[in-house]
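Novice: One structure follows; several queries about it will come next.
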Amino acid sequence: MRREKRITPYFIRKLESVEVKVPKKISELLSEMARTGFQGRKLGEVVDVWEMMLKDDVVILFGFAGSMSTTGQWKIVNWLIEKRFVDVIVSTGANISEDILEAMGGTYWQGCHLVDDEDLARHKIDRFYDVFADEYEYEEMESLIASFMETLNPEYKYSSAEFLYLLGKYLSGIGVKSIVAKAYENNVPVFCPAIVDSAYGIAYIVNRRRSGGRFSITIDQMKDFEQLVEIKRRFGGNTGVIYIGGGVPKDFIQLTAIGASITEEGRYGPPVPHKYAIQITTDAPHWGGLSGCTFEEAISWGKESRAGKNVQCYCDATIALPIISHALAERVSERRKSPDLSWIFHEVKQLT
């Protein structure tokens with residue numbers, strides 16, 4: 001005889017077991033996973049919240065950390081840009097330079113993390129865990145960026161978004177369809193707040209050495225932050241954030257909630273939290289680093305809203321991002337309304 005179900009304030013939503021059925025779409029599987037537990041549930045909830053963003057009138061800011069482009073993820077980002085499933089990108093320098101290598105016709109190779117790294121160095125092969133890259137192709141990519149830098153106005157102070165907009169235009173013109181090229185073609189601003197920590201820093205040094213120290217360009221990181229804060233200020237609380245990893249891209253976006261609150265007189269007003277927030281990370285919160293920091297902690301700063309839709313999934317991005325993107329492709333055929341952010345480039349367009 002079955003006992004009568006108890007009524008408590010905690011038994012609200014019934015867990016439902018996943019059943020194997022063929023055929024089944026990825027989006028259907030994730031919907032089922034969202035009704036289970038642990039990180040499978042969170043992965044399903046990520047798709048739900050991202051879909052909510054796409055159907056709402058918000059600007060979507062995408063933080064892209066680490067070295068994901070070397071693992072075959074960059075074409076997914078291109079697709080997100082083309083579909084306007086993201087409106088602003090804040091990236092590490094690695095993700096928006098190492099994609100250029102492959103977009104130029106170079107190749108990344110499946111390797112092994114158990115290898116003689118001294119022997120790899122003798123063969124001029126660079127290793128990213130279990131991915132190999134040809135150092136000569138890497139240098140060709142850096143040289144291409146260096147050649148672009150020579151076209152810039154040394155008297156102008158570029159934000160990284162302006163710099164990368166012009167690089168995207170340059171690469172698009174020569175058929176190198178990298179992330180920044182796709183972003184240029186779709187008027188999606190790309191910010192890189194630690195841009196010299198990558199091939200861009202090496203490309204700058206290449207030009208400095210070739211010119212005997214005469215070459216100079218300025219990328220103004222303060223201007224960077226001011227432009228990103230202005231996007232947040234114009235949209236107020238109507239923003240959604242998606243973090244692949246954490247690090248500098250995450251905090252650069254998170255801090256806009258504080259920056260947008262500062263008045264014309266320089267006084268601090270109430271923070272302007274993000275309405276939606278998603279993070280895919282492998283970092284744990286108990287180490288105290290921002291990459292593992294929970295959205296509950298961010299509420300204490302006013303960066304996220306307790307009333308908002310916040311979901312954090314602890315998962316390798318190389319697993320999560322392809323699955324999530326394919327589920328979105330099945331669920332959302334198009335985004336009906338996306339913000340026009342072309343005003344970010346008005347000033348730099350006057351230079352060309």
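Every number here is computed from the coordinates shown, using simple stated rules; none is lab data. Since we're looking at a predicted model, the values are computed, not measured. Quick reminder, even Gly has a Cβ in these numbers, built from the backbone with ideal geometry, and neighbours come from all protein chains shown.
Novice: With a 10 Å Cβ neighbour count serving as the proxy for reagent exposure, in which order, fewest first, do Asp197, Asp283, Asp224 appear?
Specialist: Asp197, Asp283, Asp224
Novice: A further question on this structure: Roughly how many nanometres apart are two label points built 7 Å out from the Cα toward the Cβ at Thr263 and Asp56?
Specialist: Inter-label distance under the simple model: 2.8 nm.
Novice: Another question, if that's okay. In whole percent, what relative contact order does the chain give with Cα contacts below 8 Å and a gap of six or more residues?
Specialist: 22
Novice: Counting Lys +1, Arg +1, Asp -1, Glu -1, what net charge surrounds Ser198 among other residues with beta carbon under 12 Å of its beta carbon?
Specialist: -4
Novice: Let me ask you something else. Mind checking which lysines have their C-alpha under 17 Å from Lys157, skipping anything on the same chain fewer than 8 residues away?
Specialist: Partners within reach: Lys223, Lys349.
Novice: Moving to a separate point now. Provide Met222, Met53 in ascending order of the number of other Cβ atoms located within 10 Å of each residue's Cβ, fewest first.
Specialist: Sorted ascending by nearby Cβ count, the order is Met222, Met53.
Novice: Treat each spin label as a single point 7 Å out from the Cα along the C-beta direction, and report the His113 to Ala329 distance in nm.
Specialist: Going by the 7 Å Cα→Cβ label model, 2.8 nm.
Novice: List, in order, the whole-Hz ³J(HN,Hα) value for each residue of the stretch 334-343 obtained from phi through the Karplus relation with A = 6.51, B = -1.76, C = 1.60 and θ = phi - 60°; use x for Gly and Pro.
Specialist: With the stated coefficients, the stretch 334-343 comes to 7, 9, 5, 9, 10, x, 8, 10, 5, 4 Hz.
Novice: Using Cβ contacts closer than 10 Å as the measure, can you line up Tyr108, Tyr129 from fewest to most?
Specialist: The fewest-first ordering by Cβ neighbours comes to Tyr129, Tyr108.
Novice: Then there is this: Counting other Cβ atoms within 10 Å, keep those with at most 10, restrict to DSSP loop, and tell me which trypsin sites (Lys or Arg not before Pro) in the stretch 88-161 are left.
Specialist: Qualifying residues, ordered by number: none.
Novice: Separate question: Mind listing the long-range amide H neighbours of Ser97? Cut-off is under 5 Å, sequence gap 5 or more, other chains count too, H placed in the peptide plane at 1.01 Å from N.
Specialist: Long-range HN contacts for Ser97: none found.
Novice: Residue by residue, what Karplus-based ³J(HN,Hα) values in Hz, rounded to whole numbers, does the stretch 255-269 have, using 6.51, -1.76 and 1.60 with θ = phi - 60° and x for Gly and Pro?
Specialist: Couplings: 5, 5, 5, 7, x, 5, 8, 6, 7, 4, 8, x, 8, 7, x Hz.
Novice: So, R0 is 41 Å and r is the distance between the beta-carbons of Glu139 and Asn238; what FRET efficiency does that work out to, to 0.05?
Specialist: For Glu139 and Asn238, the calculated efficiency is 0.40.
Novice: What are the lysines whose alpha-carbon lies under 24 Å from the alpha-carbon of Lys275, with same-chain residues fewer than 8 places away excluded?
Specialist: Lys42, Lys55, Lys83, Lys232, Lys250, Lys303, Lys309, Lys337
Novice: Using only the Cα atoms of the stretch 229-352, build the gyration tensor, take square roots of its eigenvalues as a ≥ b ≥ c, and label the shape rounded, prolate or oblate: rounded if a/c is under 1.5, else prolate if a/b is larger than b/c, else oblate.
Specialist: oblate
Novice: Taking only Cα atoms, what is the 0 to 90° angle, nearest 10, from helix 135-149's long axis to the longest principal axis of the chain?
Specialist: 70
Novice: What residues have an amide H closer than 5 Å to that of Phe128, excluding those fewer than 5 places away on the same chain, when H is modeled at 1.01 Å from N in the peptide plane?
Specialist: Under 5 Å from the amide H of Phe128: Ala133.
Novice: Trypsin sites (Lys or Arg not before Pro) within the stretch 21-74: which are DSSP loop residues with at most 16 other Cβ atoms inside 10 Å?
Specialist: Those that pass, being in a loop and sparsely packed, are Lys21, Lys24, Lys25, Arg35.
Novice: Right, here's the next one. For the stretch 173-180, in order, what is each residue's ³J(HN,Hα) by Karplus, 6.51 cos²θ - 1.76 cosθ + 1.60 with θ = phi - 60°, in whole Hz (x at glycine and Pro)?
Specialist: Along the stretch 173-180, the couplings run x, 9, x, 9, 8, 7, 4, 5 Hz.
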